[in-house]
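J.: This is the structure, below, for whatever I ask next.
Values quoted throughout were computed directly from the atomic coordinates according to the rules given, and no laboratory measurement underlies them. Every value quoted in this text rests on a predicted model; they were computed, and no experiment measured them. Cβ: placed from backbone, ideal geometry, glycine included. Neighbour counts: every protein chain shown.
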Ligand code: ATP
Ligand code: MG
């Protein structure tokens, strides 16, 4: 019986994977300019890490995590990481990176797992590129992180992504807003969904983020958090906006954007694209000044984002194809002896950086030429017993259909030259 993949878990095949590689290469390039260094963290962490950092009442922790018991340690639950920030901060605290350098700018890239309903742009295993700047609480770094994203979008030719911005305040001002909002919600709870009514007391802000149309309608006139910011939060947010204007990055304020996770404070943002349909968010993030401490480290501020690679690639593939060039040379052999001669030559050429392909099994010359055509190889090296006896090979230029004889000793040299051109 055929074994199939699991719903929401996809393969990425050649033809598509080249776009992924190209995106990853661009990430490494741009993120390095901004002095972010890569960190690779495990895919499995203790469940507690996520419930503590994301918050017990978040969608992810309540229903989306892949959690299982650790067979080697009774009572310990493990979870496939649903996001990257918690793991990065855990690693940062555990290794005491802050003792070596006061500011660390890190990025990661890899698969994340969430048990949500699979649909277009929503998978159960998906991939994120994320960046975290730890050790700075000023508005300049918030904007640096936003500029990094905006430069990255330009470098991959992504247009039309729209930035939405909000501030969630801090421990001084948010509790007051929370009360105001809760009062409002209590007067308007009839139209709210069951989930929101249930979570309202513990986390009223989450109601503003609910995707149910009824909740959106009911909270249309809810008080705005931007009217409740304390002076330091207001100043921080004003500076963020001024710096974005200066850098020519346009944005819209969205005071209803509270983000799904509990660890955010002050600046939060989301980049969306209208071309993505209902799964419109490409990247999202914000400031999380309490998280390092929450995970057992000192009071160190942080700001970061995560970007969904599948959604980004959906947008890029609407534009162009990044399939790499095929082989430069296709070796067509029509006898075992010719194959025997060609095999080590092909190996040497590959070692010198020439992309060469040769057939694995005996086939007619005609069928090999068809294959070379299909691979779009500009050059075909043809070898048979007759040629070997004469000490030559035929080199066919597939663009102008010219064929020349070259002596066997010259084959490598000639092909190396063609590679250079
Ligand atoms: P959404 O509102 O679409 O559920 P989110 O707020 O849950 O997004 P984050 O946790 O902020 O998303 O993750 C950052 C980015 O990761 C998203 O903007 C999106 O591009 C991508 N992402 C999140 N969940 C998925 C998923 N299940 N499948 C594919 N991409 C995802
Ligand atoms: Mg989500």
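J.: What shape does the range 329-420 take by its C-alpha gyration tensor, where a ≥ b ≥ c are the square roots of the eigenvalues and a/c under 1.5 counts as rounded, a/b above b/c as prolate, and the rest as oblate?
T.: Values: a/c = 1.22, a/b = 1.04, b/c = 1.17.
Note, shape of the range 329-420 comes out rounded.
J.: Take the alpha carbon gyration tensor of the chain, find the square roots of its eigenvalues, order them as a ≥ b ≥ c, and report rounded if a/c is under 1.5; if not, report prolate when a/b exceeds b/c, else oblate.
T.: Details: a/c = 2.56, a/b = 2.40, b/c = 1.07.
Taking the square roots of the gyration eigenvalues as a ≥ b ≥ c, the chain is prolate.
J.: Could you check what % of the DSSP bridge pairs in the range 329-420 are antiparallel, to the nearest 5? Don't jump to the answer; show the numbers that get you there.
T.: Details: 9 of 17 bridges.
The answer is about 55 percent antiparallel.
J.: Among DSSP beta bridges whose residues both lie in the chain, state the antiparallel percentage, nearest 5. Don't jump to the answer; show the numbers that get you there.
T.: Details: 51 of 63 bridges.
Looking only at bridges with both residues in the chain, the antiparallel portion is about 80 percent.
J.: So, one more: Given the options 105, 366, 220, state which has the largest fluctuation in a GNM of the chain using a 10 Å cut-off (strictly under) for Cα springs.
T.: Between 105, 366, 220, it is 366 that shows the largest mean-square fluctuation.
J.: Rounded to the nearest Å, what's the spacing between the alpha carbon centres of the range 251-304 and the range 111-173? Just the number, please.
T.: Cα centroid to Cα centroid, the span is 7 Å.
J.: So between residue 217 and residue 235, what do we pick up on full extension, going 0.36 nm a residue minus the alpha carbon distance?
T.: Values: separation 18, 0.36 × 18 = 6.48 nm, distance 3.13 nm.
Contour length minus Cα-Cα distance gives 3.4 nm.
J.: OK, next. Taking 8 Å as the Cα distance limit and 6 or more residues as the minimum spacing, I'd like the relative contact order of the range 223-289 as a percentage. List each step's numbers first, then the result.
T.: Working: 53 pairs, mean separation 18.0, N = 67.
RCO, the range 223-289: 27 percent.
J.: OK, next. Tell me, in nm to one decimal, what length is gained between residue 245 and residue 371 on full extension, where the rule is 0.36 nm per residue of separation less the Cα-Cα distance?
T.: Numbers: separation 126, 0.36 × 126 = 45.36 nm, distance 5.45 nm.
So the extension gain works out to 39.9 nm.
J.: Give the separation of the Cα centroids, the range 1-70 to the range 190-233, in Å.
T.: After rounding, the separation between the Cα centres reads 29 Å.
J.: Against the longest principal axis of the chain, how steep is helix 174-187, in degrees 0 to 90 to the nearest 10, with axes from Cα atoms?
T.: With rounding to tens, the tilt is 80 degrees.
J.: Same structure again: So, in nm, how far is label residue 317 from label residue 2 when the simple model puts each one 7 Å beyond its Cα toward the Cβ?
T.: Distance between the two pseudo-spin positions: 2.0 nm.
J.: Run the quick spin-label model on residue 275 and residue 418: label points 7 Å from Cα toward the beta carbon, then report their separation in nm to one decimal.
T.: The answer from the label model is 3.7 nm.
J.: Residue 137 label point, 7 Å along Cα→Cβ, cut-off 15 Å on backbone N: hits in the range 86-115?
T.: Zone members listed by number: 103.
J.: Quickly estimate the mean residue ellipticity at 222 nm for the chain, helices only: each DSSP H run with n ≥ 4 gives -39500 (n - 2.57), and the total goes over all residues, rounded to 500. Display every interim value, and only then the final one.
T.: Values: 16 runs with 158 residues, N = 421.
Helix contribution divided over all residues of the chain: -11000 deg cm²/dmol.
J.: Among 82, 14, 298, which one shows the biggest mean-square fluctuation in a GNM of the chain, springs joining Cα atoms closer than 10 Å?
T.: Sorting by GNM fluctuation, first place goes to 14.
J.: If I stretch the segment between residue 21 and residue 364 completely, what's the gain in nm (0.36 nm per residue apart, minus their alpha carbon distance), one decimal? The partial results should precede the final answer.
T.: Details: separation 343, 0.36 × 343 = 123.48 nm, distance 3.52 nm.
My answer for the length gained is 120.0 nm.
J.: State, to one decimal in nm, how far the label point of residue 252 lies from the label point of residue 35, with both points 7 Å from Cα in the Cβ direction.
T.: 3.5
J.: Please identify, among 409, 45, 64, the residue showing maximal mean-square fluctuation in a Gaussian network model of the chain using a 10 angstrom Cα cutoff.
T.: 409
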